[in-house]
Structure formats: C-alpha cells, structure tokens
Amino acid sequence: MVEKMKMESKDLHEGDIEKIETLFPEVVTEVENSVNEKYEKKIDFDALKERLSGEYVESIKERYEFTWPGKKQAKAMAFTPIKKTLRPCKKDSKNWDSTENIYIEGDNLDALKILQESYLGKIKLIYIDPPYNTGADFIYSDNYHMTLSEYEATIKSKDDSGNVLFKNTESNGRFHSDWCSSIYSRLVLSKNLLSRDGSIFISIDDNEVQNLRKICDEIFGESNFVAQIVWKRKRGRDNSAKWFSKSHEYLLLYAKNKDCFKTNNLELDDETKNAYKNPDDDPRGKYRMLGCWARGTQGGVKYDFTTKTGQYFSERLWLMSKDNLKKLDDDDKLIIRGDNIYRKMFIYENKGKIPETLWLDVSNAANASDEIKKIFDEIVFDTPKPVPYIAEMLKIASSKDDIILDFYSGSATTANAVMQQNADDGGHRKFIMVQLPESITNNENAIKMGFNNICDIGKERIRKAGNNINGRIDGKDVDTGFRVFKIDSTNMKDVYYSSNEYVQGTLNGLIDNIKDDRTPDDLLAAIMIDWGLELSLPYESITLDNNTVYSVDHNMLIACFDTEISEMTIRSISKMKPTYAVFRDSSFKNVQDKINLGELFKNESPETVIKVL
C-alpha cells in the first residue's frame, strides 16, 4: 500500500524508544492503545530505574541545576511537532532558479522545527543576535507557560501572520523567566542542526549573559564552551552615563563537539607583516627574531647547548627541546648576538593569528549604522551589527562551502557578510535567514521609505548589498540571490474530525484533501521539507502526456500534483528511476489504482520510495 506523507514537523522524540531498547531491551514493554486497539511499545520506567540502580537521581534529592518558572514548558515546546509549512514567495525572491540562499519569514521557533529534517547536522555556523532583555524590546511569545488571562494581558502587537508579540517589561514579574524560556527552546532545536564540527555564536549584553551561559552549558554541554568574547561596540565614550559608559557586548561561542571543532587562524594585519624584515638578504624571505630562552613564567627545558660553529651556552631554561634547537641550528635558523641567541621565524611559517577573546578593533555599532545609511541613504534599522564583526566569525569558524544560519536575522547583516566573504575569499557559503515580520512602528525613516516590517528591510538589504558586491567564483558571479519562503498553516485540509462530527457535506469536502489556495510550488516545497531535502536544491517542471511533472535535483525527487494522471505518465516517471516519487491522493480513483501504481514501480524502479499527499 502506498504510504501517505505526514506533512508536519519532525517529532524529535521519534525513535527514542528504539534507542533505549537497543541499550536496555528488558525495560521496553507493549501497551494496548485504547483508541485503535493496537499494541504500542512503551518504557517501563520502574524497570528502567531498577536497571540503572544507583545511577539515577531521585527527584526529591537536592542537585545542582539552573531552572526558572516555565522551563519544563519551554522544553516541551521544543519537542512538540507543528502542522505548518513553508510557502515559496517567488515575487520577493532574487534569482530563484539559481540561488542556494534561503530567507524565511515567520516565527523562528516554527522555522527551526520545519528545518529539522532538511538541515539536521548540516549547519556549520549559527550566529544569532536575540532581542536583549532591556524591558523594551519585543520578544517572541510562545504562549505555553501562561494562563489565557495572563497571555491576553501581554498582547501589544501582532505580525502579518497574526503571531502575537509582547514587551517583556520588568514589571511583568517574569522579566528573566520569559526571556530564558524563549531562548531555551530555540537553542535546543538549533543544536540539532549543527554539524559535528559546527558552532554557535550568540551576541548578548550584561542583562542575561550569566543566564545564557547556564542555558548553553545545559544544552550544548559545559565542556563544549569555547570562548566568551568581549566586543568593543561603541566608537567613543558616553559621558552622559550615570555610572560607567557601557562600551562592550559579549559574544558567546559554543561548539557542537569541541573535539571536532577547529578554529581558523586570522590573516596577519599590516602592522604584524611590517615587523618581518630581511636585513641579511636570506633567500627564504622576511623573518622575525624570536628569543629562545624561557623567561619569567614561560617555563622551559633546562640543558646546555653548543652550536654547530662551536659556540657554547651554559645550562639554562630553553623554550624548546634540545633536539628542536639543534634542528633550527642545522637549518641555519639561529642568530647569535653576543651571549644571546635568537631564532628566525619566517613569514611563510606564520599561519596567521590565533583568534583572541578581546575584540577591540572589529568594527563597532556606529560603523554598522553607517553601513545601513550607505545602503538605504537613511538609517532604517536601529540596532544592526556591522558586517566586519560577523565576517570575523565566518573567518574563524567556517570554511568556503558551509551553510550559515541566523534565526534572528534582523536587517540581514549576516547575509550581507556571507556574500561579501564569498567575494573576498572565493567561497561558496550559503545562508539561511529567519526573521519574524515584526511591524515597524518607531523608525520614521523606514516608514517613510515604505517598509512595513523588518523582513521588508532585510530582503531589500540583501538585494542592494548583493548588487554592490563584485566577485566571480569559478567563472560565475557570487551568489547574491535568495529564495523567500513564508511560514503558513499546513497545505492539507483539516481531516482530524471525531466520528460524531462527520456529515455528508464534510465527506464531500474531503474528496480532495489539499487546500484550494495552494499551488504546485507550495506542495513541492512541503514535500521537500517532509523528505528532508534542502530547500535550495534545483528543480524543473516537464510535461509528460499532458501532465505537469516536477523533477528535483536531477530526478532525486519526482512529483506530479495533477488531479488526473495517466498510466503513461506514471510509467514514464518510473523509468526515470527517482529516489522518491510523490503523487496527489485525489489523482487516483480508487485503491486499485494505487495498487497498480505500486506494481508499475516494482517492475521498473523497485528502489523508489512512493508516497501520496
């Protein structure tokens, strides 16, 4: 029998029982489901506790943990599947057919759930600049830890899709809890998307940095903490400040798995390069003179040493082993000045600067505003990050073919930085931007220029910045396009009625289970998500026996959504031997037609996985 597609986000608990059964088969039992009278596997927690004996923690015992009101609900929210999808918006996109970049409009919690199948373990670098908990910023309200009356009391604004936003003011009594809950569920989901050698950078200020560290320690593991970078964000001093001029922000860096994570060294700056000289015209090029003796707290290895020219140095602490010092001497890399000895460090041996945790000269907030003004002629976004700041992260923790995700994309600085970095180093990095279409209410310049929400600003920035970027990679222009998708309700009609709700009119309405306003592009995107295919994959439409057929990534997936499909079309598709094939359920008159479909593929392409929607 041909299987139906589930058309909902991935259930992150799916497979948990099988994983536990692999380790402890004796704790898995079968329980009858009262609804369908079928037996399902369940965990016998008493047996599991007995199996683990003293290795589990009783709930009544005290233990170290970081918690807040709403944490359990935040965790549950991260694992709750949703019946939502992404709908393509070609009119807002640029270079739809050729680009590999993605821009998603909608709540990032929904987006992260939708992306779980297609991008599981594929994202190399995530950067987010979440709303800071200042008491005035809008944050995402997930409505899972408040009563209805509490929730309604927080309503201040809605986005274009009806998502409710609220201001997390100090007076609401949940100043920290709401923020922690909001970020927690999103970070849980984002971890799944990171590759084994991937990492996440998070901008934050003093208000929540301690709480964010504890949340990240729990989600990513304390052992995977890499650095807490201090960024000097202000160009000058604020002499109107009450106590101190706040010049800094933090940038937390966590690895998915620090054993696999590696940083790239940064290019030498001009000042460092100028320190390399070649006074003796060494044919190997410019070099610096570095001391060989250990001083102060440097440590070292104690021994005496005689050079190959016979000069003797009494026992002392050296910065390297005797064998390594002898090798330097044999390679003519030692310089002797009286009783001092130095080694030549050639510029070709310097692989770059190791990244530091203090970023004093990596652009600043004022420069970011200048960048916005240069692009739009006005400052249309109030809190952007500068391109060089994000480019620094790309240089440190990404390679040329990686996928970069920003699910609080704001004015889309990250997209701008990715495109510019590709132009600078010949990379093929791809970006995925996610942004809630939050209405613009307090920026007169943006309103005057006709922007309705933050997404409008972000998309236009990518277009304008892309037009200003010059560069070619492998003979092709740098990819400055992007496919726009908007989060919406499922493409499927609501068929989840209880038996006493069915009437004849209801049954007639379910003959076609797809909503009337959905296009083939909508259905194709949903199928790609459901089957875990990347949204950037190329596709084309072809005509077979008067049927429109879609081929994704050179016949990896073939789909036909026509209400009537001929046997010749099905036979032609089967001969194309796709990995996956999808058809509209209403294309088949009865069960026998579906059986015939399966038989056709069994003969022509038995490896093809077939589903209907």
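Observations on the structure shown:
- For region 376-393, filtered to residues that are surrounded by 20 or more Cβ atoms within 10 Å (Cβ to Cβ) and farther than 26 Å from LEU268 by Cβ, the residue that is farthest from the chain's Cα centre (by Cα) is VAL380.
- Lone qualifier among THR413, THR441, THR490 - being touching a residue at least 24 places away in the same chain (Cβ under 8 Å), hydroxyl-bearing (Ser, Thr, Tyr) and touching a strand residue (DSSP E or B) at 6+ places or on another chain (Cβ under 7 Å): THR490
- Answer residue from region 419-438, given it is in contact (Cβ under 8 Å) with a residue 60 or more places away in the chain and under 16 Å from the mean Cα position of the chain (by Cα) and is nearest to SER118 (Cα to Cα) among those: ILE432
- GLU444 falls short on exactly one of the conditions (1) surrounded by fewer than 19 Cβ atoms within 10 Å (Cβ to Cβ); (2) outside the structural domain of LYS90 (by TED's automatic domain parsing), and that condition is (2).
- Among the residues of region 327-376, those identified as part of a loop (DSSP other than H, G, I, E, B) and among the aliphatic types (A, V, I, L, M) are ILE354, LEU360, VAL362.
- Selected residue (only one of THR563, THR608, THR543 is out of contact with any Leu (no Cβ under 9 Å at 6 or more places or on another chain), loosely packed, with under 13 Cβ neighbours inside 10 Å, β-branched (Val, Ile, Thr) and without any contact (Cβ under 8 Å) to a residue 40 or more places away in the chain): THR543
- Filtered residue count, region 255-274, keeping only those that are assigned to a loop (DSSP other than H, G, I, E, B) and either in contact (Cβ under 8 Å) with a residue 24 or more places away in the chain or surrounded by 13 or more Cβ atoms within 10 Å (Cβ to Cβ) (or both): 12
- Of the numbered criteria (1) under 14 Å from VAL362 (Cα atoms); (2) assigned to a helix (DSSP H, G or I), the one LEU251 fails is (2).
- Once region 292-322 is narrowed to residues that are among the β-branched types (Val, Ile, Thr) and over 48 Å from the mean Cα position of the chain (by Cα), the residue that is surrounded by the fewest Cβ atoms within 10 Å (Cβ to Cβ) is THR309.
- Any hit, region 394-404, residues being part of a helix (DSSP H, G or I), touching a strand residue (DSSP E or B) at 6+ places or on another chain (Cβ under 8 Å) and surrounded by fewer than 24 Cβ atoms within 10 Å (Cβ to Cβ): yes
- Set side by side, the residues LEU252, LEU325 differ, and just one is assigned by TED's automatic domain parsing to the domain that holds ASP425 and either surrounded by 14 or more Cβ atoms within 10 Å (Cβ to Cβ) or in contact with a Gly (Cβ under 6 Å, 6 or more places away or on another chain) (or both), which is LEU252.
- The listed residue being at positive phi, acidic (Asp, Glu) and within 39 Å of the chain's Cα centre (by Cα), out of ASP562, ASP553, ASP585: ASP553
- Residues in region 475-484 that are more than 26 Å from ASP370 (Cα to Cα) and either buried (at least 16 other Cβ atoms within 10 Å of the Cβ) or touching a residue at least 24 places away in the same chain (Cβ under 8 Å) (or both): ARG483, VAL484.
- Evaluating ALA227 against the criteria (1) at pLDDT 95 or above; (2) surrounded by 19 or more Cβ atoms within 10 Å (Cβ to Cβ); (3) in contact with a strand residue (DSSP E or B) (Cβ under 6 Å, 6 or more places away or on another chain) leaves one unmet condition, (2).
- Residue match in region 201-222 (condition: out of contact with any Phe, Trp or Tyr (no Cβ under 7 Å at 6 or more places or on another chain), at pLDDT 95 or above and among the small types (Gly, Ala, Ser)): yes
- Residue in region 407-417 that is more than 25 Å from LYS191 (Cβ to Cβ), modelled with pLDDT of 95 or more and surrounded by fewer than 21 Cβ atoms within 10 Å (Cβ to Cβ) present: no
- Enumerated helices (runs of 4 or more DSSP H) restricted to region 1-117, each holding at least 1 residues that are out of contact with any Phe, Trp or Tyr (no Cβ under 6 Å at 6 or more places or on another chain) and either within 30 Å of GLY458 (Cβ to Cβ) or modelled with pLDDT of 90 or more (or both): 71-79, 108-114
The values are calculated or read from the model by the stated rules, or taken from the named source; none is laboratory data. Values in this document were obtained by computation on a predicted structure and should not be read as measured data. All Cβ positions, glycine included, derive from the backbone under ideal geometry; neighbour counts span all protein chains shown.
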